[in-house]
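Undergrad: Handing you this structure, nothing more for now.
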2 protein chains.
Amino acid sequence: MIRCRLIAHTRKASEWTCSSATWIVKEAFAMQRYGSVIGVKPEAIAEYKKHHAPVWPEVLEMIRRCNIRNYSIYLKDDLLFGYLEYHGTDFQADMAKMAADPKTQEWWKIMGPMQRPLRSRAEGEWWASMEEVFHLD
Amino acid sequence: MIRCRLIAHTRKASEWTCSSATWIVKEAFAMQRYGSVIGVKPEAIAEYKKHHAPVWPEVLEMIRRCNIRNYSIYLKDDLLFGYLEYHGTDFQADMAKMAADPKTQEWWKIMGPMQRPLRSRAEGEWWASMEEVFHLD
């Protein structure tokens, strides 16, 4: 049951089933890729970049403790693209852990006003999730 | 000299020097990350996705032969975000090899009309390069 729940938030409901134990075990321990996008206020771009070189060590440590690896943010014009690889087994729980961390909250309070979330983002999102349309290992 | 040239196109000129052999050797063999972005015509999104599941095997093989690994394309609204890791030693030469491949050219002829490159892209670019503002391994 835990494994089924794990897959439920990483795959569309139509794509997963609990009928194949082999498939579930294989999927449950695979790394998941996430792409996300957000706007940045043009007048805040310089400040945003300054903050990210370097990011506070406590914030970096919390990201690592939430099982995220190979995380990058790219900038073009007024758009920020995030790409990360999740190596844990419960993405939602890890995201909740990160959101509850005081230092991370302090960081987000500085970053938030510089960002301009997409109107088309899903409910509850800040950075909008993107659909993976292609992948090559 | 080869190593200096190698670094010249992966780092801004102000960031590299040929005076430290150790640094050059370390940098020359490191993997480089590239983020890129392009628009997609809203009316072509469904067709674009259909083509990418799956991509022609000859095109995938050429990408691999050009030392690219962990390549993903993400979609949000009418934007496509590409993220790749380059594991070779001469990115420009590998890109030229890819551009000269007849099957890749045939693929690009189908993809091109569906895409809408950013006006702000650099000269000679199709997908616009993005600046990496943050990375965590």
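Undergrad: State whether one or more residues within the range B:58-70 are more than 18 Å from the chain's Cα centre (by Cα), touching a residue at least 12 places away in the same chain (Cβ under 8 Å), open to solvent by less than 60 Å² (accessible area, probe 1.4 Å) and within 13 Å of chain A (Cβ to nearest Cβ).
TA: Checking the range B:58-70: not a single residue is more than 18 Å from the chain's Cα centre (by Cα), touching a residue at least 12 places away in the same chain (Cβ under 8 Å), open to solvent by less than 60 Å² (accessible area, probe 1.4 Å) and within 13 Å of chain A (Cβ to nearest Cβ).
Undergrad: Return only the number of the condition from (1) over 17 Å from the mean Cα position of the chain (by Cα); (2) crowded, with 16+ Cβ neighbours inside 10 Å; (3) more than 19 Å from A:S36 (Cβ to Cβ) that B:A53 does not satisfy.
TA: The one condition B:A53 does not meet is (2).
Undergrad: To continue, here is another question. Scan (1) more than 9 Å from chain A (Cβ to nearest Cβ); (2) among the acidic types (D, E); (3) more than 25 Å from A:A122 (Cα to Cα) for the single condition B:E43 breaks and write down its number.
TA: Going through (1) more than 9 Å from chain A (Cβ to nearest Cβ); (2) among the acidic types (D, E); (3) more than 25 Å from A:A122 (Cα to Cα) one by one, B:E43 breaks only (3).
Undergrad: Can you pull out the residues in the range A:91-118 that are among the basic types (K, R) and touching a strand residue (DSSP E or B) at 6+ places or on another chain (Cβ under 9 Å)?
TA: Correct list: A:R116 only.
Undergrad: Identify, please: which residue in the range B:112-137 is under 15 Å from the mean Cα position of the chain (by Cα) and surrounded by 18 or more Cβ atoms within 10 Å (Cβ to Cβ) and is, among those, farthest from the other protein chains (Cβ to nearest Cβ)?
TA: So the residue we want is B:W127.
Undergrad: Is the range B:86-106 home to any residue that is within 14 Å of the chain's Cα centre (by Cα), within 11 Å of chain A (Cβ to nearest Cβ) and within 30 Å of A:E58 (Cα to Cα)?
TA: Within the range B:86-106, none of the residues are within 14 Å of the chain's Cα centre (by Cα), within 11 Å of chain A (Cβ to nearest Cβ) and within 30 Å of A:E58 (Cα to Cα).
Undergrad: Next question. Can you report the number of residues in the range B:100-111 which are open to solvent by 30 Å² or more (accessible area, probe 1.4 Å) and either over 24 Å from B:K49 (Cβ atoms) or among the aromatic types (F, W, Y) (or both)?
TA: 3
The values are calculated or read from the model by the stated rules, or taken from the named source; none is laboratory data. Just so you know, these numbers come straight off a predicted model, no measurement behind them. Ideal geometry is used to build each Cβ from the backbone, glycine not excepted, and the neighbour counts take in all protein chains shown. The protein model used for the area step is the full one, side chains on, heavy atoms only, and it has no ligands, DNA or RNA in it. Shrake-Rupley method; radii C 1.70, N 1.55, O 1.52, S 1.80 Å.
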